[in-house]
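Chemist: Before I ask anything, here is the structure I am working with.
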Amino acid sequence: MNLEGKSAIVTGAGRGIGKEVALLLAKEGASVVVNDPGVGRSGEVTEDKPADEVVAEIKAAGGTAMANYDSVADYANAGRMVKSCVDTFGKIDILVNVAGMLRERMIWNMTEDDFDQVISVHLKGHWNMCHHATKVMRTERYGRIINFSSDAFKGAVGQCNYSAAKAGIIGLTRSIARECGRYGITANAMCPMAATRMTVNDAVIAGWKRRLDAGLLTQAQYDARMAMPGPEFVAPMVAYLATDAAEDVNGQIFHAERSRIHTYYFGEEARSIFKQDDNGMFTVDELISMVPEGLMQGIPNIAPKEDSK
Ligand SMILES: NC(=O)c1ccc[n+]([C@@H]2O[C@H](COP(=O)([O-])OP(=O)(O)OC[C@H]3O[C@@H](n4cnc5c(N)ncnc54)[C@H](O)[C@@H]3O)[C@@H](O)[C@H]2O)c1
């Protein structure tokens, strides 16, 4: 077992990826706070208590776990969650922020509430948990933080709130990595791909089918989406990042799915143009020629204008 004696919080651990992470951390010997308020896919309140089921599963397998039903979006509740981990298990070594929900709309249709809710659960929720946890981890001079971003940080249609939050989580994670590394705390971000209620559900499948019928998806692309691997394939990399063996893996971004894990080459300067004379001041006329000839040469518009129908 690679996490014997460690204590962990996994948020959003009642379902999907969080559940698989909680089960694996417990299997590797960690005591786990299984956090999940059991909300619906859009964050709506329900009577569900999936955290209880995960705790029962961990205990049945001989592990140690306790349930927590608070929302990560609430600053005070996040603090209480960290405190209850410390009070119950003696410390907090590992924080895995998996909690998430979606409110998908085109930007012109998105309500202010859609934007605020997604930012508050994902970005503010990550900050809440990391803020409270690092206070304790810093005094222990030990910590492993694994945050959940998404490939959507690159931009995703219908998900501008989510993409913004997920890109923000990368900046947050890399800042925590720089601030806390000296205290023995690492912070890394995951961009998973896994079939959960978030990615594969009736509405999503119906959308893929429409795009297949309209020729916007090939049969092979449709089949690949329908065969999306499960969340259990994401958990091992998270558990690895939580081990002592990963002490020098810090501030990195990983995509993980079945059969494949890759890093993102993030934040590196890609191409440059230079201006030496005129005190280094480009003119707009110069940029009209230098941008397409230099910075953007060979780089297509990611969403070119279409003729109106
Ligand atoms: N599944 C994927 O392919 C995929 C891709 C990219 C990113 N992600 C990210 O991975 C994470 C897990 O996603 P999933 O696919 O397992 O989704 P999921 O819906 O199966 O699980 C998310 C869990 O988070 C819980 N949750 C929601 N709001 C919460 C809150 N305020 N406080 C605490 N818990 C809350 C939900 O109750 C749910 O059980 C999310 O952050 C998601 O954005 C998933």
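The values are calculated or read from the model by the stated rules, or taken from the named source; none is laboratory data. All values derive from a computational prediction rather than experimental measurement. Cβ sites come from the backbone with ideal geometry, for glycine too, and all protein chains shown count toward neighbours. All accessible areas refer to the heavy atoms of the entire protein, side chains included, with ligands and DNA or RNA removed. Shrake-Rupley method; radii C 1.70, N 1.55, O 1.52, S 1.80 Å.
Chemist: In region 1-13, which residue that is open to solvent by less than 10 Å² (accessible area, probe 1.4 Å) and outside any strand (DSSP E or B) is farthest from the ligand (Cβ to nearest atom)? Step through it out loud before you land on a result.
Modeler: First, pick out the residues of region 1-13 that are open to solvent by less than 10 Å² (accessible area, probe 1.4 Å): 3, 7-11, 13.
Now restrict to residues that are outside any strand (DSSP E or B): 3, 13.
Values: LEU3: 20, ALA13: 7 Å.
Taking the candidates together, the pick is LEU3.
Chemist: Can you pull out every residue in region 142-182 that is touching a strand residue (DSSP E or B) at 6+ places or on another chain (Cβ under 7 Å) and assigned to a strand (DSSP E or B)?
Modeler: Result: GLY143, ARG144, ILE145, ILE146, ASN147, PHE148.
Chemist: List the residue pairs whose Cβ atoms are under 7 Å apart, where the first residue sits in region 36-48 and is among the aliphatic types (A, V, I, L, M) and near the ligand (Cβ under 8 Å from one of its atoms), the second is open to solvent by 30 Å² or more (accessible area, probe 1.4 Å) and part of a loop (DSSP other than H, G, I, E, B), and the two are 6 or more positions apart or on different chains.
Modeler: Short answer, once both residue conditions are applied: VAL39/VAL45; VAL39/THR46.
Chemist: If you don't mind, another one. Condition first: among the aromatic types (Phe, Trp, Tyr) and either farther than 20 Å from ILE94 by Cα or buried (at least 18 other Cβ atoms within 10 Å of the Cβ) (or both). Now tell me which residues in region 158-215 satisfy that.
Modeler: Narrowing region 158-215 to residues among the aromatic types (Phe, Trp, Tyr): 162, 183, 208.
Within region 158-215, TYR162, TRP208 qualify.
Chemist: Return the pair list, or none, for Cβ contacts closer than 8 Å from residues in region 280-309 that are outside the structural domain of VAL157 (by TED's automatic domain parsing) to residues that are surrounded by 10 or more Cβ atoms within 10 Å (Cβ to Cβ) and in a helix (DSSP H, G or I), at least 6 apart or on different chains.
Modeler: PHE282/MET290
Chemist: I've got another one for you. Filter region 14-26 for residues that are assigned to a helix (DSSP H, G or I) and crowded, with 24+ Cβ neighbours inside 10 Å and give the result. Please lay out each step first, then the result.
Modeler: Filtering region 14-26 down to residues assigned to a helix (DSSP H, G or I) leaves 16-26.
Answer for region 14-26, where residues must be assigned to a helix (DSSP H, G or I) and crowded, with 24+ Cβ neighbours inside 10 Å: ILE17, GLY18, LYS19, GLU20, VAL21, ALA22, LEU25, ALA26.
Chemist: How do the pairs read when you match residues in region 12-25 that are in contact (Cβ under 8 Å) with a residue 60 or more places away in the chain with residues anywhere that are more than 8 Å from the ligand (Cβ to nearest atom) and open to solvent by 20 Å² or more (accessible area, probe 1.4 Å), using Cβ under 7 Å and keeping only pairs 6 or more apart or on different chains?
Modeler: GLU20/GLU232; LEU23/GLU57; LEU24/PRO236
Chemist: Let me ask something else about it. Have a look at VAL118, VAL136, VAL86 and point out the one that is open to solvent by less than 30 Å² (accessible area, probe 1.4 Å) and at pLDDT 95 or above. If you could, list the steps in order and put the result at the bottom.
Modeler: Details: VAL136 fails: open to solvent by less than 30 Å² (accessible area, probe 1.4 Å); VAL86 fails: open to solvent by less than 30 Å² (accessible area, probe 1.4 Å).
On inspection, the qualifying residue turns out to be VAL118.
Chemist: Regarding ALA224, is this residue small (Gly, Ala, Ser), surrounded by 11 or more Cβ atoms within 10 Å (Cβ to Cβ) and free of Cβ contacts under 8 Å to residues at least 60 places away in the same chain?
Modeler: Values: small (Gly, Ala, Ser): yes; surrounded by 11 or more Cβ atoms within 10 Å (Cβ to Cβ): yes; free of Cβ contacts under 8 Å to residues at least 60 places away in the same chain: yes.
So ALA224 passes the test.
Chemist: Tally time: how many residues in region 149-169 are out of contact with any Phe, Trp or Tyr (no Cβ under 6 Å at 6 or more places or on another chain) and touching a residue at least 40 places away in the same chain (Cβ under 8 Å)?
Modeler: Matching residues across region 149-169 total 13.
Chemist: Please count how many residues of region 49-70 are within 17 Å of GLY16 (Cα to Cα) and either within 8 Å of the ligand (Cβ to nearest atom) or open to solvent by 20 Å² or more (accessible area, probe 1.4 Å) (or both). It would help to see each step written out before you state the result.
Modeler: Of all residues in region 49-70, those within 17 Å of GLY16 (Cα to Cα) come to 49-58, 67-69.
Filter once more, so that each one left must be either within 8 Å of the ligand (Cβ to nearest atom) or open to solvent by 20 Å² or more (accessible area, probe 1.4 Å) (or both): 49-50, 52-53, 56-57, 67, 69.
So the count comes out to 8.
Chemist: Being surrounded by 18 or more Cβ atoms within 10 Å (Cβ to Cβ) and outside any loop (DSSP other than H, G, I, E, B) is true for just one of ALA256, ALA245. Which residue is that?
Modeler: Details: ALA245 fails: surrounded by 18 or more Cβ atoms within 10 Å (Cβ to Cβ).
Within the list ALA256, ALA245, the selection yields ALA256.
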